[in-house]
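Participant: Once you've had a glance at the structure underneath, I'll fire off some questions.
The values are calculated or read from the model by the stated rules, or taken from the named source; none is laboratory data. Note that the structure is a prediction, hence the values are computed from the model and not measured. Backbone-built Cβ (ideal geometry, glycine too); neighbour counts: all protein chains shown.
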């Protein structure tokens with residue numbers, strides 16, 4: 001497992017150990033012992049969620065607030081996504097700045113998203129399967145979100161606007177009031 005820094009102190013790209021051979025590849029997607037050694041202060045993950053989406057689907061930007069805040073370890077198992085995080089911690093020196101990285105079944109990269117960050121992704125391939133490990137239970141009444149196209153964030157999701165597919169919930173998200 002290799003850990004790569006991002007512009008945010010607590011947000012990391014993780015490249016797991018990959019063992020390719022003539023049959024394909026074997027990926028050590030998560031090793032709790034190695035993870036705890038690399039991140040001793042982080043709680044262990046409680047659940048694993050998975051989504052399957054088609055090209056143009058944009059999920060986000062979402063977070064859980066307060067005691068329900070969640071850290072995530074995000075991995076694209078198949079296909080390709082543009083994964084985006086926004087620092088939503090008002091006390092942070094990087095408040096409202098964003099970072100994006102391509103995650104794919106080919107590059108095997110994972111993104112460790114800290115608590116207090118908004119998270120979303122756009123699907124760049126025909127389909128994508130995304131796996132999320134979460135360190136806290138989901139509480140719908142504690143969910144917050146910001147529109148993906150908020151002009152103050154200026155995020156390029158690498159999709160033509162006419163190709164973007166949103167859920168009804170994401171369509172109704174509000175803009176930042178700065």
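Participant: Determine which member of the set 96, 58 is within 24 Å of residue 177 (Cα to Cα) and outside any loop (DSSP other than H, G, I, E, B).
Facilitator: Numbers: 96 fails: outside any loop (DSSP other than H, G, I, E, B).
It is 58.
Participant: Can you work out which of the residues in region 42-55 that are assigned to a loop (DSSP other than H, G, I, E, B) and in contact with a strand residue (DSSP E or B) (Cβ under 8 Å, 6 or more places away or on another chain) is surrounded by the most Cβ atoms within 10 Å (Cβ to Cβ)?
Facilitator: For region 42-55, the residue satisfying everything is 45.
Participant: Right, here's the next one. Scanning for something surrounded by 16 or more Cβ atoms within 10 Å (Cβ to Cβ), farther than 18 Å from residue 9 by Cβ and in contact (Cβ under 8 Å) with a residue 24 or more places away in the chain, does region 92-100 turn up at least one residue?
Facilitator: No, region 92-100 contains no residue that is surrounded by 16 or more Cβ atoms within 10 Å (Cβ to Cβ), farther than 18 Å from residue 9 by Cβ and in contact (Cβ under 8 Å) with a residue 24 or more places away in the chain.
Participant: If you don't mind, there's one more thing I want to ask. Sort out which residues of region 120-139 are more than 14 Å from the chain's Cα centre (by Cα) and either modelled with pLDDT under 95 or part of a loop (DSSP other than H, G, I, E, B) (or both), and write them in order of number.
Facilitator: Listed by number, the residues that qualify are 124, 125, 126, 136, 137, 138, 139.
Participant: If the requirement is being farther than 15 Å from residue 132 by Cα and in a strand (DSSP E or B), which of these qualifies: 74, 101? Spell out how you get there, then give the answer.
Facilitator: On the way: 74 fails: farther than 15 Å from residue 132 by Cα.
Step by step, each of 74, 101 is checked, and only 101 is farther than 15 Å from residue 132 by Cα and in a strand (DSSP E or B).
Participant: Still on this structure: Within the bounds of region 77-91, is there any residue that is at pLDDT 95 or above, surrounded by fewer than 17 Cβ atoms within 10 Å (Cβ to Cβ) and touching a strand residue (DSSP E or B) at 6+ places or on another chain (Cβ under 6 Å)?
Facilitator: yes
Participant: Considering 104, 122, which residue is crowded, with 16+ Cβ neighbours inside 10 Å and either farther than 23 Å from residue 30 by Cβ or touching a helix residue (DSSP H, G or I) at 6+ places or on another chain (Cβ under 7 Å) (or both)?
Facilitator: Just one listed residue meets the conditions, 122.
Participant: Among 72, 36, 65, which is at negative phi and free of Cβ contacts under 8 Å to residues at least 24 places away in the same chain? Break it down stepwise before answering.
Facilitator: Numbers: 72 fails: free of Cβ contacts under 8 Å to residues at least 24 places away in the same chain; 65 fails: free of Cβ contacts under 8 Å to residues at least 24 places away in the same chain.
The match here is 36.
Participant: Hey, another quick one. Among the residues of region 145-178, count how many are assigned to a loop (DSSP other than H, G, I, E, B) and either out of contact with any strand residue (DSSP E or B) (no Cβ under 7 Å at 6 or more places or on another chain) or within 24 Å of residue 90 (Cβ to Cβ) (or both). It would help to see each step written out before you state the result.
Facilitator: From region 145-178, those assigned to a loop (DSSP other than H, G, I, E, B) are 146-160, 164, 166-167, 172-178; that's our starting set.
Okay, now just the ones that are also either out of contact with any strand residue (DSSP E or B) (no Cβ under 7 Å at 6 or more places or on another chain) or within 24 Å of residue 90 (Cβ to Cβ) (or both), so 146-156, 160, 167, 172-178.
Total meeting the criteria: 20.
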